[in-house]
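Beneath this line is the structure, given in structure tokens, with notes to follow.
Every number in this text was worked out from the coordinates using simple rules, so none of it is lab data. Keep in mind that what you see is a predicted model, and the values were worked out from it rather than measured. Methodologically, a virtual Cβ is constructed for each residue, glycine included, from the backbone with ideal geometry; neighbour enumeration extends over all protein chains shown.
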Amino acid sequence: MTVRTLNGGVIAAYRDRLSIPPDVEAIHINEGNTPLVHLPAVSDRKRNIDVYAKCEGLNPTGSFKDRGMTVALSIASHNGSKAVICASTGNTSASAAAYAARAGIQAFVVIPAGKISVGKLAQAMMHGAKVVQIGGNFDDAMDIVKRMPEEAEVTLVNSVNPFRLQGQKTAAFEVVDQLGCAPDYHFLPVGNAGNISAYWMGYVEYGDAGIVGAKPRMVGCQAARAAPFLVGAPIEEPETIATAIRIGNPQSWNLANTAVIESNGWFRSSDDEKILTAQKLLAERCGVFCEPASAVSIAGFCDEIEKGNIQDNSVVVCTLTGHGLKDPEIAISQSPEPITIPKGGEGLRDLILSSLD
Ligand SMILES: *Cc1c(COP(=O)(O)O)cnc(C)c1O
């Protein structure tokens, strides 16, 4: 029986544009084809600036990492690999665990102890990954896992694995396919810097194929105390509540720098308070719940439009990299406590009437 699906994953959708052997069988969970949502509360009608969110939290494991992981695990499986390994601030481990489960391959994930959100940890555990924690940060974990393929038969699936970027570039294809053109600006959270590099690769390839004319200016958004691209060098002790981008030594440094320079874009940073304000704005006024690391793209946009750095009559896309449910603790800690009333319901009517005044 053939099951017809609207979305067979990013390999099925864009196979002819991916640098992969033609006979690779796709290990997929119907990732990709995520919505591009207009954000009226962030757009500026007077200046005709339209802002859209590419909602990558709607991928199967709740982040964009799935686009890269379907390709990395398909290749690993094709090559007969029995195990994969990654360092992770959370979402890579969740995604690697799920796609490895699908492929029947063991996943090993190395994470900074106490620095990944509970939702992500739950996913890695539930999908059967071996979870290993270290006292150091993501950069320390990255140094460890990079050595492992020489010491044991294991495939590295961090974004230094070029197949990850092959999969992730499909997000840029989708944005163009959805908008009918490239945006004028593309704001992206930057941690290990694979994703901004992958998007630029996608835009350039669509440009070379004649599918888009002008390409967007790429704006790489970092958290203020985890902003090596703003410093111009790796930093030792990155710190931010946006744990997914708590990275001081990005592995795709040169690719990301090239993306920003070639696109005539720039890097910028926002402090944690502005990141949380942007997360709240999206949730309360747009109905979109993303994790803090994703909100850095909105925080960045709001700041740049205020400074006059966005031209009138522009189309802007901000990538929301991961779902808000990944990190419920941050959300709850920012919100007022629930109101308790007696079980008979006394007081509820007054509460409603007084808030509608
Ligand atoms: C991985 C991740 C990032 C950073 O992406 P890089 O490719 O490492 O720059 C940003 N936001 C979320 C939610 C992530 O999971």
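Based on the alpha-carbon set only, what is the convex hull volume of the stretch 32-184 divided per residue, in Å³?
On the way: hull volume 19.7 nm³, N = 153.
Hull volume normalised by residue count: 129 Å³.
Dipole orientation for the chain: of the candidates MET69, VAL24, ILE241, VAL24 has the Cα lying most toward the positive pole (charges on Cβ; Lys, Arg +1; Asp, Glu -1).
Placing +1 on the Cβ of every Lys and Arg and -1 on the Cβ of every Asp and Glu, with nothing else charged, gives the chain a dipole about its Cα centre of roughly 540 debye. The residues neighbouring GLU262, those whose beta-carbon lies less than 12 Å from its own, together hold a net charge of +2 under the Lys/Arg +1, Asp/Glu -1 convention.
What's the Cα-based Rg to Rh of the stretch 239-357, Rh via Kirkwood?
Numbers: Rg = 19.2 Å, Rh = 17.2 Å.
Result for the stretch 239-357 is an Rg/Rh of 1.12.
Kindly flag which residue pairs out of LYS46/LYS215; LYS82/LYS326; LYS130/LYS169; LYS169/LYS326 have an alpha-carbon separation exceeding 26 Å in this structure. In this structure, LYS82/LYS326; LYS130/LYS169 lie more than 26 Å apart at Cα. Based on the convex hull around the alpha carbon atoms, the stretch 109-203 presents an average projected area of 7.6 nm².
Enumerate by residue number the trypsin sites (Lys or Arg not before Pro) in the stretch 257-357 meeting two conditions: DSSP loop (anything except H, G, I, E, B), and at most 12 other Cβ atoms within 10 Å of the site's Cβ. Don't jump to the answer; show the numbers that get you there.
Numbers: sites: ARG268, LYS274, LYS280, ARG285, LYS307, LYS326, LYS343, ARG349; in loops: LYS307, LYS343.
Filter output for the stretch 257-357: LYS307, LYS343.
Between GLU205 and LYS130, the simple label model (points 7 Å from Cα in the Cβ direction) yields a spacing of 3.3 nm.
Label point 7 Å out from ASN309 along Cα-to-Cβ: which residues of the stretch 252-292 have amide N under 16 Å? Flagged as within label range: 257, 260-272, 274-275.
Taking the empirical scaling 2.2 N^0.38 Å for compact globular proteins as reference, the chain has a Cα radius of gyration ratio of 1.00. The mean sequence distance of close C-alpha pairs (under 8 Å, at least 6 residues apart), as a share of the length of the stretch 66-175, puts its relative contact order at 36 percent.
A helix-only calculation puts the chain at -11500 deg cm²/dmol for mean residue ellipticity at 222 nm, using -39500 (n - 2.57) for each DSSP H run of at least four residues, averaged over all residues.
For the stretch 165-239, GluC sites (Glu not before Pro) meeting the loop criterion (DSSP other than H, G, I, E, B) and having at most 11 other Cβ atoms within 10 Å: GLU236. Cross-link partners of LYS307 among aspartates and glutamates, defined as those whose alpha carbon lies under 14 angstrom from its own and excluding same-chain residues fewer than eight positions apart: ASP44.
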